[in-house]
Structure formats: C-alpha cells, structure tokens
Amino acid sequence: MAEVTIERWKEAQSAEALYWRGLNAMELLRICSEKPIFLFVIGDGHCEALFDNKHILEIGVGPLGLSVASFYRHKDRIRKLVKVDPLPRVKLSETGLSNENWAAPFVQWVDGLTNEGEYKQMPGEDLDFVEAFDCVIIYNVLDHVRDPQRIVSNAYRALRPGGNIVIGVDCLSVIGRLKFETYIRRAFKGSILAEAHPHTFLPSHIKRMMKLAGCDDVESYGVPGLFHRWLGSHTRPGFIGKKH
C-alpha cells in the first residue's frame, strides 16, 4: 500500500488522540472484548506456540498501552513484552473515564493491564530492532499508519529466525472498500471513521505485504468466503507469517 503524506498521517494521529482522550467505559469494554476474540480466532494452540516463553513486540498498542498479549490466558508464560506506539502515553485517569465512577472496578483492572510490559513511544515506521523478538503483533494498526509496508518490513526485521508476525486488521469487501474510498471519505470528512483510517485493505493486500517483507508462508484465520469478500461487511481476520 502506498505511503501517505506526513500531513495526512498527522491528521490521523490528531483524530486518534482525540478519540483516546474522550474514551468512555462502553468504548473501553468494546476494546477489551475485541482482543480476546482475536486470540480466539487465532486459536489456543497457535497462541501457545506464539507466546509461551517468547520475547514479544507489539506495534501500535494505542496510548493506553493495552496489548493483545495481556489477554492471553497464559500470559504469565511470556518472557518479555515490549509495546510501541507513536502517541505519548495516556493514563486512564486522563480520559473521559474519570467521570464514570460506576465502572471504577473495571477501569482499575484495565489500568493494571496497561502497565504490563515496557512502553516505548515511537512510530512503527521508525523501529530499528534487529532479530530481537520471537513474535511481533500488529493488531488493528495498519489502516491507521503512514506506511503499512514499512511497518510490516520492520516487524520482519525485528524477528529472530523462526519467529512469527501476527497481524489483525480490518478488511473490507471489494464493494465495501469501493464505497469507503469513493463515498465515505467525502461524506464523513472530519469524522474519526474517515480521518483516522488513511488506508483500507482487502485480505489479499495483507498477505502481499507480508510476503514482500520476507514471509514465505502466510496463514490466514477468519477470512470469510468468496461471496462475503465481494459484497459483505468488514471483518478482522488474523494472519501469521514466519521468518525462516
């Protein structure tokens, strides 16, 4: 996918920052429910192979620092977790959640999750890790960034031989993508939907980027059938590629 301009990426980041600062309990519940669902799509057996006794890097965790790895049921087996995001760290107490006392126990639990691992502020395009991790996670990220291919390539470079890239990203149908690019971007200009998503993808785009980065074999999970890929609503499948 083509790189967008710095100006367009800054617009997307500004929309993201506003989104996170205005976070409420219902939206936080949605975010927290999506991550274990994604791990379910990948499957328990794959998660054990990907995470157990491994050094993990997650690219694009959001400024809360909420990692997919924190929802792995055996996360105590993870040896190391490093999380990166281009936005400065935001604490839950600095969001709209500070006014929702009814959700305080839930917010306190999530706050503990956000503090797991090590948070580094940097864009995924600027990563300079070389063969430092066994698994790199890129979840709900690639449609928000400046240069998706560079991020996937940097993730591959960060892997040790035998390591895996795990990608989860919203994929549209052919008709849905056409509608988004020709209508929604104009009709909803200024909204979080249009501004925070510089890119849109089909499942084939993700596989192509992973192969360009160096992955010989790419497995996909949760990709719908042919009819849905042409006419259906968006999905968030998983893709796993190995570094040989």
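The values are calculated or read from the model by the stated rules, or taken from the named source; none is laboratory data. All values reported here derive from a predicted model rather than from experimental measurement. Every residue, glycine as well, gets a Cβ built from its backbone with ideal geometry; the counts of neighbours run over all protein chains shown. Remember, those area values only see protein heavy atoms, side chains included, never the ligands or the DNA or RNA. Shrake-Rupley method; radii C 1.70, N 1.55, O 1.52, S 1.80 Å.
Given Cβ point charges of +1 (Lys, Arg) and -1 (Asp, Glu) and nothing else, what value in debye, to the nearest 20, does the dipole of segment 89-217 about its Cα centre take?
Numbers: 15 positive and 17 negative charges, 128 e Å.
With only Lys, Arg, Asp and Glu charged at Cβ, the dipole is about 620 debye.
What part of the accessible area of segment 55-201, given as a whole %, is carbon or sulfur when the probe is 1.4 angstrom? Walk me through the numbers before you get to the answer.
Values: 3160 of 6170 Å².
Roughly 51 percent of what the probe reaches on segment 55-201 is carbon or sulfur.
If r is the Cβ-Cβ distance from CYS32 to MET122 and R0 is 35 Å, what FRET efficiency results, to the nearest 0.05? List each step's numbers first, then the result.
Numbers: r = 25 Å, r/R0 = 0.70.
Calculated value: 0.90.
Could you give the size of the charge dipole of the chain about its Cα centre, using +1 on the Cβ of each K and R and -1 on the Cβ of each D and E, expressed in debye and rounded to the nearest 20?
Values: 31 positive and 30 negative charges, 86 e Å.
Computed about the Cα centre, the dipole is about 420 debye.
Got a sec? Charge dipole of the chain, +1 on Cβ for Lys and Arg, -1 for Asp and Glu; which of ALA155, GLY222, TRP109 is way out at the positive end?
After comparing all options, I get GLY222.
Kindly flag which residue pairs out of LYS35/LYS189; LYS179/LYS243; LYS80/LYS243; LYS10/LYS91 have an alpha-carbon separation exceeding 24 Å in this structure. Intermediate results must be reported in sequence, preceding the final value.
Values: LYS35/LYS189 28 Å; LYS179/LYS243 36 Å; LYS80/LYS243 19 Å; LYS10/LYS91 22 Å.
Over 24 Å apart, Cα to Cα: LYS35/LYS189; LYS179/LYS243.
Report, in cubic angstrom per residue, the convex hull volume of the C-alpha atoms of segment 1-94. Don't skip to the answer; put the middle values down first.
Working: hull volume 12.2 nm³, N = 94.
Dividing the Cα hull volume of segment 1-94 by its residues yields 129 Å³.
Roll a 1.4 Å probe over the protein chains and send me the accessible area per residue for the chain in Å². List each step's numbers first, then the result.
Details: 11480 Å² over 244 residues.
In whole numbers, the chain has 47 Å² accessible per residue.
Just to verify a number: what accessible area does ASP216 come out at with the full protein assembly present, 1.4 Å probe, Å² rounded to tens?
Roll a 1.4 Å probe over it and ASP216 shows about 100 Å².
Can you give the Kirkwood hydrodynamic radius of the chain from its Cα pairs, in Å with one decimal?
Details: mean 1/r = 0.0545 Å⁻¹.
Hydrodynamic radius (Kirkwood, Cα only) of the chain equals 18.4 Å.
Say the dipole of the chain comes from +1 at the beta carbon of Lys and Arg and -1 at that of Asp and Glu; which of GLY238, PRO86, ILE37 then lies farthest toward its positive end?
Positive-most Cα among the choices belongs to GLY238.
Determine which aspartates and glutamates satisfy two conditions relative to LYS120: a Cα distance under 13 Å, and not lying fewer than 8 residues away in the same chain.
GLU58, ASP85, ASP128
Which value, in debye to the nearest 20, gives the size of the charge dipole of segment 49-101 about its Cα centre, when Lys and Arg are +1 and Asp and Glu are -1 at the Cβ? Mind dumping the intermediate values first?
On the way: 9 positive and 6 negative charges, 64 e Å.
Computed charge dipole of segment 49-101: roughly 300 debye.
At a threshold of 8 angstrom on Cα-Cα distance, excluding pairs fewer than six apart, so keeping six or more, what relative contact order does the chain reach in percent?
Details: 448 pairs, mean separation 55.5, N = 244.
After rounding, I find 23 percent.
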